[in-house]
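Colleague: The structure that follows is given in the form of structure tokens.
Quick note: the coordinates plus some simple rules give every number you see, no bench work behind them. The model shown is predicted, which means the values in this text are computed figures rather than measured ones. Cβ placement follows ideal geometry from the backbone for every residue including glycine, while neighbour counts extend to all protein chains displayed.
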Amino acid sequence: MSEPWRDSNNVVKAWKRCLGFFVQRRPPGFCERVPSGALTKPLAFNWSFGALLSAFAACQNIPSLRDEMAEDLPFLRKVHETYFDSRHQAFRSTPLRWKGDIYFDDNAWIALAAIDIFRMSGQNLWIDDAMKIYRFILKEGYDPGSGGVYWRMHPKSSLHVCSAGPTALLGAKLMQLGESVPQDPIDKMIEWCWQMRDSRGVFRDHYNLITRRIDSSVYTYNTGTPLHAVMVMAEILPKEAYDNMAQDVLASAPALLPGHSLPATPWFNAVLLRALEKASRRYSQEMLSPLLDPYRRDMSQSWKRFESTDQPLVLPSSERKPGILLRDAASSVETLALLHQIAS
């Protein structure tokens, strides 16, 4: 099996090709999908743009790439500003002519990427945006009674792990950076997520407030963010409880990989890999190898296709429409960068 992630030049090559295919400078932004050889509208949803920001941050975290990656930061910041809604101090679903809602999970993804970019760039505007988003979610999306976080502004009909998990992680990362963030909401969000685990120990998707039922669907990112959050909390407050929670989730995580294969959801899988990359610095390879090997196998196969075409790097995806989604291409780059960090 080839190991393309070991060479940092491959990471920046994949990043630049992704950026080149999706960039749309008038109006400033990124297209949501690239079919064979042409751009399509609409401009990228902030979910996809957040995935691109996370890919950038993962690449920038590789020391040998830091200067080269910094060249793209001003344009990313310019696009970032087009999503901002000053009335809510949050980020809209789409830039410019906006007809969509505000989604709390998408805002959390952008804020998490902003924190990582701040760590590398030192530019305070990124941490300022992350704090704005966190305050906005606590004010408008957090349910203090249950500890859950709503999926979207309108209607507030369901509480989601994909909202509560990244918001808990966001709060933990802000606390770790010394920001004035209370601990209680973070712990309550983590506790709420833990109530969403099924008999196998993996996290179910959401609780419907109208039907009073839990959606039993399982996605890799819903395990990734609670796992990541408790590992960060274990660093801030070295409590055995947080570490035990992390190890318990890791022991249950193989249930996400039937047949030792990743589901065909590259972006969801990248969110889980962020947590696994952090876990690789805390726990044994024996525990993590069964989880990491499917990523390596898929990347090795996808890299062969990447080298034989001029298309962006893209891991296996269940997306049925023609063309390549920005979030799939961006998460494929992030996966390559994270595998490089684990190998290093």
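Colleague: Listing His88, His154 from the residue with the fewest other Cβ atoms within 10 Å to the one with the most, what is the order?
Modeller: His154, His88
Colleague: Taking the Cβ of each residue in Thr223, Thr82 as the centre, tally the other Cβ atoms inside 10 Å and list the residues starting with the fewest. Present the calculation step by step, with values, prior to reporting the outcome.
Modeller: Values: Thr223 27, Thr82 18.
The fewest-first ordering by Cβ neighbours comes to Thr82, Thr223.
Colleague: Using 0.36 nm per residue, how much length does the chain from Ala255 to Asp293 gain when fully extended, once their Cα-Cα distance is taken away?
Modeller: Stretched out fully, the Ala255 to Asp293 stretch lengthens by 12.2 nm.
Colleague: Here's another thing I want to ask about it. What order do you get for Lys173, Lys188, Lys239 when you list them from fewest to most C-beta neighbours inside 10 Å?
Modeller: Lys239, Lys188, Lys173
Colleague: If r is the Cβ-Cβ distance from Asp184 to Arg212 and R0 is 22 Å, what FRET efficiency results, to the nearest 0.05?
Modeller: E between Asp184 and Arg212, to the nearest 0.05, is 0.30.
Colleague: Quick one: length gained pulling Asp128 to Ser284 fully straight, 0.36 nm per residue minus the C-alpha distance?
Modeller: On the way: separation 156, 0.36 × 156 = 56.16 nm, distance 3.57 nm.
Taking 0.36 nm per residue and subtracting the Cα distance, the gain is 52.6 nm.
Colleague: Where the centroid of each part is defined by its Cα atoms, how far is region 285-344 from region 107-160 in Å?
Modeller: 27 Å
Colleague: What FRET efficiency comes out for the pair Ser199/Glu3, r = Cβ-Cβ distance, R0 = 51 Å, nearest 0.05?
Modeller: Once the sixth-power term is evaluated, E becomes 0.90.
Colleague: I would also like to ask the following. Looking at region 1-93, I'd like the Rg to Rh ratio, where Rg is from alpha-carbon atoms and Rh is Kirkwood's inverse mean 1/r.
Modeller: Checking Rg against Rh, the ratio lands at 1.01.
Colleague: Label Glu307 and Leu237 with points 7 Å out from Cα along Cα→Cβ: what is the distance between them in nm?
Modeller: The two pseudo-label positions are separated by 4.9 nm.
Colleague: Residue by residue through region 175-187, what is 3J(HN,Hα) from phi via Karplus (6.51 cos²θ - 1.76 cosθ + 1.60, θ = phi - 60°)? Round to whole Hz and write x for glycine and proline.
Modeller: Taking θ as phi minus 60°, the curve returns 4, 5, 7, x, 6, 7, 10, x, 7, 4, x, 4, 5 Hz for region 175-187.
Colleague: If the limit is 21 Å between Cα atoms, which of Lys139/Lys173; Lys13/Lys321; Lys16/Lys132; Lys139/Lys239; Lys188/Lys239; Lys16/Lys321 go over it? Present the calculation step by step, with values, prior to reporting the outcome.
Modeller: Values: Lys139/Lys173 18 Å; Lys13/Lys321 26 Å; Lys16/Lys132 30 Å; Lys139/Lys239 28 Å; Lys188/Lys239 16 Å; Lys16/Lys321 24 Å.
The answer is Lys13/Lys321; Lys16/Lys132; Lys139/Lys239; Lys16/Lys321.
Colleague: Could you quote the convex hull projected area for region 227-344, Cα atoms only and averaged over all directions, in nm²? Don't jump to the answer; show the numbers that get you there.
Modeller: Numbers: hull surface 31.8 nm².
The directionally averaged projection comes out at 7.9 nm².
Colleague: Tell me, rounded to the nearest percent, the portion of alpha carbon pairs in the chain spaced more than 30 Å apart.
Modeller: On the way: 18046 of 58996 pairs.
It works out to 31 percent of all Cα pairs.
Colleague: Please give the FRET efficiency for Ser146 paired with Glu71, using the beta carbon to beta carbon distance and R0 = 51 Å, rounded to the nearest 0.05.
Modeller: Working: r = 45 Å, r/R0 = 0.88.
Rounded to the nearest 0.05, the efficiency is 0.70.
Colleague: With a 10 Å cut-off between alpha carbons and a GNM built on the chain, which of Asn61, Asn124, Asn46 moves the most?
Modeller: Maximum among the listed residues: Asn124.
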